[in-house]
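The structure under discussion appears below in the form of structure tokens.
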């Protein structure tokens, strides 16, 4: 259905009509000049992200539903990274003319499935049009007790540096999708050239043959067997609220924490800068899934580079007092890995390689403005 | 300066380095995964707007500084429209390649001047790139005591319907700017055509003459004398926090309220729908500035249509118990105008014209998705 059939208010009504508020802190949601919330006993956390078509996502290999899920998760992840609990979300979209009502429905389906996972209420937003691509802006609101909030600036000398899950898989998933896209377009270009040549030569039979081949290519589903994890990490990332819960259950309170969106290198530098410290990270301790390693080998990419600079993992990077070492050891099975420790600032932000060489860690993470 | 010289974090540092937090409710601002706020005794209000180049603004006649100011004021206006006090703001921008650091500085200068006017802290945002135009997403956070919040749904039969300021001027300002832009481009096209013809004819002297004429046109400043108010209303709108204050000082508590962004017609329909009521609005009572009236005459536009459907006035539309009539009368001088009253829903949403005819009010306000 054409969006213009519904208009702005019609589309908003259509998309949001069955949205309900479940959190006690959500007083009033969609339908007035503002949403209204109530946080008498906790601090209010707020984070916002803007996603632009062609810069942050490519709709040739991401579905609208996946995009909605990922856009929500990226923001939810920032609330967890403060050791908070996400509660509300606002969703703004600027929509180009080529989108249909069904596309927006699919986006909201993904978004709401991410919100439902963490019991988050959608309380507002803005829906408008765009001359060109799709633009998305999401704001997530959460809460935390004042004493529970973990900033980036609390890391202390001798603290342990930990990450959850594994790193680099989302980046390798992106490389895989980019490669398939390139192969696909090359094949389409080739077949179109062949069709044209055959048409020029007046060879009807060859034209038909190549057209059939072209339709096979267009419908071809690449075989991602053995690489499912990489795709899932790129297309359907999960914010690690489960890890926040796990740390609480084990009475581990991080001294500094952030989520890994731009890449481990970039995030380590942020924590060290804000905490005025250095760190030593051991390459051999960086958690990497075997699918990531195989794909890196296949594409001739250094797997540590992928893990350090790839980004979009949405895992948690945090520091803990060294006294938590044994408790953390117990969580290794569950996916909490000690990768190094915090040092004095003058010792720098350093990576110790498998062969005991030392390197400065520099931010080669994703920079949208370079 | 090229933005790529600074990169994402460099640009954010550059733009936000001297931002300070002044409100007691602002605990932590820019520089972590989330901003942190504290609202133990009041409800938290949140509103968000997305502005797209070419749809919501045209940089051929709006400066980046004006854009920043207006973008902030539009959001601030929504907080006032709930009878709240604005406190924090987050600012996200997606920036095309043609923008320079100076453009972003100018945008922030305008934005901060609007925020300073109402003592609002900038606590976060996102800065990224865009393949095409400029995209802006602003979220404003405010507070209000629970008992003070005014929703759209509280209007009651016999309530008075009031508006602040005057209506239609922002719309006429837009028409004026659009007209000047059209004239300008027509003149440039004409002169370019003449230059080409002269070049073809090998007439050096004529080429020089037309080139000089072209440079005059390019530097020509249109004469907006007598129309300053219209331009100001379009380019530098003011959120009516002063009116919120005035109503409080006079112990007037609106039963329903919203700001007039899409046009009076559209907003009246919102209030009547949500309050399950009708209304009778008197054309003769709709406040119109004389510059608006003169410009409407000049452009052959019905001035009431401009006032009812123009939008972007950012005045307040509110309803009050009829018992407030005398108190409201005292505020007429200050710019509070009674334009009609609330009726039973079955009587409809009606406009009574100067010659006593009655019309249904329909939403012809700005619809970005049609």
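The values are calculated or read from the model by the stated rules, or taken from the named source; none is laboratory data. Remember, it's a predicted structure, so these values are computed and weren't measured experimentally. Positions of Cβ are backbone-derived with ideal geometry, glycine not excepted, and every protein chain shown enters the neighbour counts.
Identification of strands (runs of 3 or more DSSP E) wholly contained in the range B:286-370 with 3 or more residues that are within 14 Å of another protein chain (Cβ to nearest Cβ) and modelled with pLDDT of 95 or more yields B:316-320. Residues in the range A:90-118 that are in contact with a helix residue (DSSP H, G or I) (Cβ under 8 Å, 6 or more places away or on another chain), within 30 Å of residue A:153 (Cα to Cα) and assigned to a helix (DSSP H, G or I): A:114, A:115. Which of the residues spanning the range B:323-339 are loosely packed, with under 14 Cβ neighbours inside 10 Å and more than 10 Å from residue B:164 (Cα to Cα)? Answer for the range B:323-339, where residues must be loosely packed, with under 14 Cβ neighbours inside 10 Å and more than 10 Å from residue B:164 (Cα to Cα): B:323, B:325, B:326, B:329, B:330, B:333. With respect to the conditions (1) within 28 Å of residue A:67 (Cβ to Cβ); (2) buried (at least 20 other Cβ atoms within 10 Å of the Cβ), residue A:149 falls short on a single one, namely (1).
Screening residue A:127 against (1) out of contact with any helix residue (DSSP H, G or I) (no Cβ under 7 Å at 6 or more places or on another chain); (2) at the interface with chain B (Cβ under 10 Å from one of its Cβ atoms) leaves a single unmet condition, (1). Note on the range B:1-89: enclosed strands (runs of 3 or more DSSP E) holding 2 or more residues that are free of Cβ contacts under 8 Å to residues at least 60 places away in the same chain and at the interface with chain A (Cβ under 8 Å from one of its Cβ atoms) are B:35-38. Looking only at the range B:109-124, residues that are more than 17 Å from the chain's Cα centre (by Cα), at negative phi and more than 10 Å from chain A (Cβ to nearest Cβ) come to 5 in all. In the range A:221-237 there is at least one residue matching the filter, namely being modelled with pLDDT of 95 or more, surrounded by 19 or more Cβ atoms within 10 Å (Cβ to Cβ), part of a loop (DSSP other than H, G, I, E, B) and out of contact with any strand residue (DSSP E or B) (no Cβ under 8 Å at 6 or more places or on another chain).
When the range A:134-143 is filtered for residues that are more than 8 Å from every other protein chain (Cβ to nearest Cβ) and part of a strand (DSSP E or B), the ones remaining, listed by number, are A:136, A:138, A:140, A:143. Taken over the range A:105-120, the criterion of being surrounded by 23 or more Cβ atoms within 10 Å (Cβ to Cβ) and touching a strand residue (DSSP E or B) at 6+ places or on another chain (Cβ under 8 Å) is satisfied by A:107, A:111, A:115, A:120. In this structure, is residue A:274 over 20 Å from the mean Cα position of the chain (by Cα), in contact (Cβ under 8 Å) with a residue 40 or more places away in the chain and in a helix (DSSP H, G or I)? Yes: the conditions hold for residue A:274.
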